[in-house]
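Q: Please find one structure pasted underneath; my questions will follow.
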Amino acid sequence: MKILVFCCDWCSYPGADLAGILRLEYPSEVRIIKVMCSGRVDLMLVLDALRQGIDGVMVTGCHPGECHYVHGNMEAERRIELLRSIFERSGINPRRVRIEWISASEGEKFAEVTRAFKQEIDEIGPINQGEIDAAEIIHDVFSSERARLVLGASRRAIELEGVDPLWYKGVLERTVREEVLRERILRELRKTGALSAHELAERIGEPAKEIFWNLIAMKRRQIILDIGIVDDSLKFAIQEGV
Amino acid sequence: MSRDEIKIGVYVCHCGINIEATVDTARVAEFASHLPGVVVARDYKYMCSDPGQELIREDMRELGVNRVVVASCSPRMHEPTYRAVLAETGGNEYCFEMANIREQCSWVHKNREEGTKKAMDLVEGAVARAYLLEPLEPREVDVIPACLVIGGGVSGIYAALGVAEKGFKTYLVEKTPSIGGHMAQLDKTFPTLDCSACILTPKMVDAARHPNIELMTYSEVMDVSGYVGNFNVTIRKKPRYIDIDLCTGCGLCGEACILSGKIPNEFDMKKGKRGAAYVPFPQAVPLKYTIDPENCIFLKKGKCGKSPACQEACPRDAIDFTQREEIVEIEVGSIIIATGYDLFDPSTEPQYGYGLPNVITGLEFERLINASGPTGGKVLLENGEYPKKVVLIQCVGSREIGGRTYCSRFCCMYTAKHAHLIEEKIEGAEVTVLYTDVRAFGKGFEEFYNRVRSEGINYIWRDLYAPIEVTQNGDGLKVKAEGVGPIELDADMVVLATAAVPSRDAKEIGSVLKIPESPDGFFMESHPKLKPIDTASDGIFLAGCCQSPKDIPDSVAQACGAASRAAISLFRGKVPIEVISSQINEEICSGCRMCEEICAYGALSFDEEKGLMTVNEVLCKGCGSCASTCPSGAITMKHYKDAQIFAQIEAVV
Ligand SMILES: Cc1cc2nc3c(=O)[nH]c(=O)nc-3n(C[C@H](O)[C@H](O)[C@H](O)COP(=O)(O)OP(=O)(O)OC[C@H]3O[C@@H](n4cnc5c(N)ncnc54)[C@H](O)[C@@H]3O)c2cc1C
Ligand code: SF4
Ligand code: SF4
């Protein structure tokens with residue numbers, strides 16, 4: 001089993017050091033990666049870890065209001081929460097990622113949360129191929145600009161422009177879900193050549209209506225094209241050069 | 001530096017047996033020697049020692065090593081040490097990475113096989129990262145040549161004087177109306193029995209008069225931001241309702257106040273009374289009156305008689321009920337915390353009988369025995385008579401199992417002092433001390449203790465972990481405890497040597513300054529032996545009882561040390577600042593401005609002409625939040641590039 005813990009330079013890393021100084025045992029599966037701030041933890045880093053088969057990723061940072069860089073920890077929280085809600089619908093157990101606040105004086109808390117996390121991962125078992133594949137897709141989605149743009153704008157929208165956070169979260173989730181679906185469509189098309197909405201629906205396990213709607217959007221963006229009716233149904237294929 | 005020139009040296013430290021006991025360092029080094037880019041891997045007893053450092057220097061000179069990985073303790077401990085080695089030997093100090101195989105491995109795991117495997121992983125991660133590290137140039141900024149001292153007890157006073165005498169502006173912030181702290185409340189001081197006020201008051205006055213010290217009493221630190229060399233501090237000055245520029249401290253308002261002599265005075269441990277307009281004690285510094293808003297009738301009800309008596313009495317027209325709190329911002333280069341201690345409240349442990357008449361704490365005793373105290377120095381029972389049988393109980397609330405496990409360090413000696421003072425001042429009084437151990441560790445302490453014992457004080461050993469009970473017994477008191485056998489003592493006065501506990505503000509100050517506490521709740525020093533004055537945050541230092549209970553000589557010594565430590569960066573005038581900063585790739589930046597609000601320091605601004613973002617590297621603190629937000633992947637973090645982190649993740653698991 002593999003557990004990755006991101007620690008920030010100011011609170012949780014010294015917190016982990018303190019666990020050491022106090023000789024508090026915690027699971028040896030824990031591997032710490034130091035970054036300056038929990039806000040540095042790009043979702044790409046988390047997703048990259050999962051697609052490599054790491055079973056659990058924990059992001060740790062200073063307590064709310066105590067971030068050395070003012071609000072980096074809140075950015076991290078927003079991202080991790082989003083990731084968890086995306087995971088819920090993508091076949092990845094959302095409990096594989098979590099965020100914890102650990103101050104420099106909370107050596108005991110560091111040991112406790114890593115122990116608890118290990119136990120949780122023990123309960124849900126090692127990451128499976130389905131989850132790894134899904135992580136791969138979401139990873140690719142987050143390399144695209146659209147998903148990152150909506151995610152990146154969240155602070156401006158919620159904190160500066162007063163948009164309802166729940167509503168915004170809905171938009172974010174929908175966008176990412178769409179992007180995930182589109183990514184999966186692309187993969188199927190790449191594998192098989194031309195397919196219809198119904199055929200794609202069967203392979204992907206999502207309603208044909210939703211697939212069709214996304215196919216149209218993708219066509220409009222010239223990612224795919226329709227190659228006309230074949231065997232009684234409208235088929236789509238990847239645009240050349242995509 | 002092209003990739004084929006990369007030559008990594010890996011050094012695995014035994015840290016005596018600290019690491020070696022749980023990690024087979026030789027195996028780790030052998031493993032590391034096969035990793036990509038590694039030209040040499042060694043293990044050594046103490047890498048941080050001179051010969052250890054020399055190993056690195058030699059390999060740099062002879063083998064051309066240009067990247068160094070040390071697998072040892074936390075980088076928070078020795079990263080600066082090794083970086084200096086690289087810099088001195090003509091390398092780049094940022095081409096260095098540590099694998100923390102002590103705090104993160106040997107100290108938290110027991111199984112040697114597991115420990116060794118994990119250490120290998122951590123080293124592999126560090127090597128992978130080191131392979132991709134890039135040389136960076138250190139940067140410096142100017143230091144604001146001023147210091148903030150928080151807390152005006154004896155420690156804060158000495159710390160402030162120490163910095164001020166070195167020629168730097170010093171702000172001394174004290175939350176109560178006067179500086180002096182607990183020492184101002186004491187009568188005589190062990191072991192020499194000199195009068196506390198006589199030695200402290202002149203120093204209080206020195207602090208107030210010093211041209212470099214700005215005294216800010218009745219004030220609190222609300223917020224601190226910034227970093228060593230450049231701290232921004234927000235201070236709240238509470239309204240005194242008296243213009244301190246006009247007040248001469250004549251005291252006419254205090255006498256005139258219709259509540260005069262009615263409000264228990266905190267300074268006298270509520271054994272004396274004051275008015276709503278008051279100074280805590282006659283030698284207060286500054287000698288300026290304060291109107292206490294919790295009691296003042298005018299401040300509570302908007303009306304006090306026809307017009308407030310204090311206002312009428314003041315010849316200087318100094319009373320100003322319209323005063324409001326004032327928020328002041330100051331800038332300093334370093335900070336000393338000297339917020340002292342508080343005392344354990346014995347009413348939470350009813351067995352000690354606190355609350356019964358004539359059961360008092362040690363600090364209350366100090367006020368009673370003090371000639372300028374509420375009773376004019378007479379220790380009297382509540383019925384106005386002198387006590388005949390006094391029992392002093394040590395270790396009240398200290399050295400517990402669970403809870404406060406520590407020793408409060410000054411109670412043994414002040415109890416001996418109290419015993420002596422009773423013996424000296426009250427003829428024929430019978431004094432018994434219930435002790436568990438007498439810790440007379442300081443200079444002159446053992447001699448003092450022997451002297452007190454020879455004065456006929458009765459020292460009886462008590463079992464600290466056996467029950468004790470102080471109860472009412474007719475007009476008097478009864479103390480039951482266990483020692484060599486059962487102990488039963490009649491008494492008419494009982495004095496409790498209560499534990500010193502962290503200041504009630506410690507939590508808040510700790511979170512404002514981001515300073516960790518030890519498990520006992522006192523502030524944690526950076527290293528228990530070698531950095532007893534520093535904190536985990538650069539530029540913030542500790543003095544006196546805020547770090548752990550200690551007597552006056554130790555407090556003063558630490559305060560003088562803190563003043564010297566805090567002045568170092570002020571003298572230097574420059575401090576290195578964060579080298580890690582963000583960079584924007586102009587080719588990729590789409591000008592979407594997503595990163596702009598993410599940055600809490602305003603380091604990113606939009607260049608209208610180019611339609612792109614630009615970074616101000618001096619303002620950038622290197623957190624990396626912008627990089628993980630940028631939709632286009634246009635932002636790179638120096639020293640924490642995506643590729644560097646990815647490589648480490650891949651290698652470490
Ligand atoms: C009963 C008794 C008898 C003693 N007798 C002796 C003796 O004989 N000899 C001896 O050597 N030692 C003696 N001591 C110990 C002595 O009191 C301490 O060593 C000394 O007071 C420590 O000084 P300090 O400045 O560190 O802390 P303190 O005296 O506690 O001073 C701390 C100051 O900081 C202020 N402060 C706290 N929080 C804040 C905040 N947030 N903002 C601004 N200001 C703040 C407080 O108001 C206070 O003025 C005795 C102690 C007791 C309890
Ligand atoms: S977020 Fe990225 S693309 Fe947008 S302005 Fe900032 S650097 Fe440029
Ligand atoms: S790294 Fe942090 S401090 Fe620097 S520009 Fe980006 S958000 Fe601002």
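The values are calculated or read from the model by the stated rules, or taken from the named source; none is laboratory data. All figures in this text were calculated on a predicted structure; none of them were measured in a lab. Here the Cβ positions follow ideal geometry from the backbone for every residue, glycine too, while neighbour counts run over all protein chains shown.
Q: B:Glu586 fails exactly one of the following numbered conditions: (1) within 16 Å of ligand 3 (Cβ to nearest atom); (2) surrounded by 18 or more Cβ atoms within 10 Å (Cβ to Cβ). What is the number of that condition?
A: (2)
Q: With respect to A:Arg190, determine if the residue is away from chain B (no Cβ under 14 Å), under 27 Å from B:Ile588 (Cα atoms), touching a residue at least 40 places away in the same chain (Cβ under 8 Å) and of a type in the set (Lys, Arg).
A: Against the criterion (away from chain B (no Cβ under 14 Å), under 27 Å from B:Ile588 (Cα atoms), touching a residue at least 40 places away in the same chain (Cβ under 8 Å) and of a type in the set (Lys, Arg)), A:Arg190 does not qualify.
Q: Here is a list of conditions, (1) in contact with a Leu (Cβ under 9 Å, 6 or more places away or on another chain); (2) within 24 Å of B:Val579 (Cα to Cα); (3) part of a loop (DSSP other than H, G, I, E, B), and B:Val127 meets all of them except one; can you say which number that is?
A: Checking B:Val127 against (1) in contact with a Leu (Cβ under 9 Å, 6 or more places away or on another chain); (2) within 24 Å of B:Val579 (Cα to Cα); (3) part of a loop (DSSP other than H, G, I, E, B), the one that fails is (3).
Q: Enumerate the pairs (first residue in the range B:590-609 and of a type in the set (D, E, K, R); second residue anywhere and near ligand 3 (Cβ under 9 Å from one of its atoms)) with beta-carbon separation below 6 Å, excluding pairs fewer than 6 apart on the same chain, so at least 6 apart or on different chains.
A: B:Glu596/B:Leu604
Q: Give the residue, chosen from A:Ser103, A:Ser90, that is in contact with a His (Cβ under 8 Å, 6 or more places away or on another chain), hydroxyl-bearing (Ser, Thr, Tyr) and not in a helix (DSSP H, G or I). I'd like the intermediate steps shown before the answer.
A: Details: A:Ser90 fails: in contact with a His (Cβ under 8 Å, 6 or more places away or on another chain).
Only one candidate passes the filter, namely A:Ser103.
Q: Identify, by number, the condition in (1) modelled with pLDDT under 95; (2) loosely packed, with under 14 Cβ neighbours inside 10 Å that B:Glu400 doesn't meet.
A: (2)
Q: Could you tell me whether the range A:12-29 includes any residue that is buried (at least 19 other Cβ atoms within 10 Å of the Cβ), touching a strand residue (DSSP E or B) at 6+ places or on another chain (Cβ under 8 Å) and farther than 30 Å from B:Val23 by Cβ?
A: no
Q: Pick out the one residue from B:Ala130, B:Ala159, B:Ala126 that is in contact with a helix residue (DSSP H, G or I) (Cβ under 6 Å, 6 or more places away or on another chain) and either buried (at least 24 other Cβ atoms within 10 Å of the Cβ) or without any contact (Cβ under 8 Å) to a residue 12 or more places away in the chain (or both). Lay out the reasoning, then the answer.
A: On the way: B:Ala130 fails: in contact with a helix residue (DSSP H, G or I) (Cβ under 6 Å, 6 or more places away or on another chain); B:Ala126 fails: in contact with a helix residue (DSSP H, G or I) (Cβ under 6 Å, 6 or more places away or on another chain).
Going through B:Ala130, B:Ala159, B:Ala126 in turn, the sole match is B:Ala159.
Q: Kindly indicate whether any position in the range B:472-492 is part of a loop (DSSP other than H, G, I, E, B) and buried (at least 21 other Cβ atoms within 10 Å of the Cβ).
A: Let us first name the residues in the range B:472-492 that are part of a loop (DSSP other than H, G, I, E, B), namely B:474-475, B:483-485, B:492.
Keeping just the survivors that are buried (at least 21 other Cβ atoms within 10 Å of the Cβ) gives B:492.
Within the range B:472-492 (the criterion being part of a loop (DSSP other than H, G, I, E, B) and buried (at least 21 other Cβ atoms within 10 Å of the Cβ)), the answer is yes, since at least one residue qualifies.
Q: Can you find, within the range B:433-459, the residue that is nearest to B:Glu385 (Cα to Cα) among those that are in a strand (DSSP E or B) and under 36 Å from the mean Cα position of the chain (by Cα)?
A: The qualifying residue nearest to B:Glu385 (Cα to Cα) is B:Val433.
Q: In the list A:Arg190, A:Arg203, which residue meets the criterion of being surrounded by 12 or more Cβ atoms within 10 Å (Cβ to Cβ), in a helix (DSSP H, G or I) and at negative phi?
A: Unique residue meeting the criteria: A:Arg203.
Q: Residues that are more than 24 Å from B:Tyr171 (Cα to Cα) and in contact with a Gly (Cβ under 9 Å, 6 or more places away or on another chain): find the strands (runs of 3 or more DSSP E) completely inside the range B:199-306 holding 2 or more of those.
A: none
Q: Another question, then. Conditions: (1) within 12 Å of another protein chain (Cβ to nearest Cβ); (2) free of Cβ contacts under 8 Å to residues at least 40 places away in the same chain; (3) in a helix (DSSP H, G or I). B:Ile649 meets all but one. Number of the miss?
A: (2)
Q: Let me ask you something else. If the Cβ limit is 6 Å and pairs must be 6+ apart or interchain, which residue in the range A:27-42 that is within 7 Å of chain B (Cβ to nearest Cβ) pairs with which residue that is within 16 Å of ligand 3 (Cβ to nearest atom) and among the charged types (D, E, K, R)?
A: Qualifying pairs under 6 Å: A:Met36/A:Asp9; A:Gly39/A:Glu75.
Q: Another question, then. If you take the residues in the range B:525-541 that are out of contact with any Asp or Glu (no Cβ under 6 Å at 6 or more places or on another chain), in contact (Cβ under 8 Å) with a residue 12 or more places away in the chain and not in a strand (DSSP E or B), which one is surrounded by the most Cβ atoms within 10 Å (Cβ to Cβ)?
A: Filtering first and then ranking leaves B:Gly539.
Q: Is it fair to say A:Arg78 is in contact (Cβ under 8 Å) with a residue 12 or more places away in the chain, within 12 Å of another protein chain (Cβ to nearest Cβ), buried (at least 24 other Cβ atoms within 10 Å of the Cβ) and charged (D, E, K, R)? So that I can check it myself, show each step before the final result.
A: Values: in contact (Cβ under 8 Å) with a residue 12 or more places away in the chain: yes; within 12 Å of another protein chain (Cβ to nearest Cβ): yes; buried (at least 24 other Cβ atoms within 10 Å of the Cβ): no; charged (D, E, K, R): yes.
It is false that A:Arg78 is in contact (Cβ under 8 Å) with a residue 12 or more places away in the chain, within 12 Å of another protein chain (Cβ to nearest Cβ), buried (at least 24 other Cβ atoms within 10 Å of the Cβ) and charged (D, E, K, R).
Q: In the set B:Ala506, B:Ala499, which member is away from chain A (no Cβ under 14 Å), surrounded by 14 or more Cβ atoms within 10 Å (Cβ to Cβ) and touching a Cys at 6+ places or on another chain (Cβ under 8 Å)? Give the derivation first.
A: Working: B:Ala506 fails: away from chain A (no Cβ under 14 Å).
So the residue among B:Ala506, B:Ala499 that is away from chain A (no Cβ under 14 Å), surrounded by 14 or more Cβ atoms within 10 Å (Cβ to Cβ) and touching a Cys at 6+ places or on another chain (Cβ under 8 Å) is B:Ala499.
Residue-wise test of (1) in a strand (DSSP E or B); (2) under 20 Å from A:Lys34 (Cβ atoms); (3) hydroxyl-bearing (Ser, Thr, Tyr).
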residue: B:Val23; (1), (2), (3): no, yes, no
residue: B:Leu55; (1), (2), (3): no, no, no
residue: B:Val65; (1), (2), (3): no, no, no
residue: B:Val68; (1), (2), (3): yes, yes, no
residue: B:Ala71; (1), (2), (3): yes, yes, no
residue: B:Thr81; (1), (2), (3): no, yes, yes
residue: B:Ala99; (1), (2), (3): yes, yes, no
residue: B:Gln104; (1), (2), (3): no, yes, no
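Q: Something else now. Take the residues in the range A:145-185 that are assigned to a helix (DSSP H, G or I) and either among the acidic types (Asp, Glu) or touching a strand residue (DSSP E or B) at 6+ places or on another chain (Cβ under 7 Å) (or both), then tell me which one is surrounded by the most Cβ atoms within 10 Å (Cβ to Cβ).
A: Only one residue fits best here, namely A:Glu179.
Here's the yes/no breakdown for (1) surrounded by 18 or more Cβ atoms within 10 Å (Cβ to Cβ); (2) touching a strand residue (DSSP E or B) at 6+ places or on another chain (Cβ under 8 Å); (3) within 14 Å of chain A (Cβ to nearest Cβ); (4) under 30 Å from B:Pro502 (Cβ atoms):
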residue	(1), (2), (3), (4)
B:Arg565	yes, yes, no, yes
B:Phe571	no, no, no, no
B:Lys574	no, yes, no, no
B:Cys620	yes, yes, yes, no
B:Ile635	yes, yes, yes, no
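Q: Criterion first (free of Cβ contacts under 8 Å to residues at least 24 places away in the same chain and outside any helix (DSSP H, G or I)) does B:Lys507 satisfy it?
A: Here the answer is no, as B:Lys507 does not meet what is asked.
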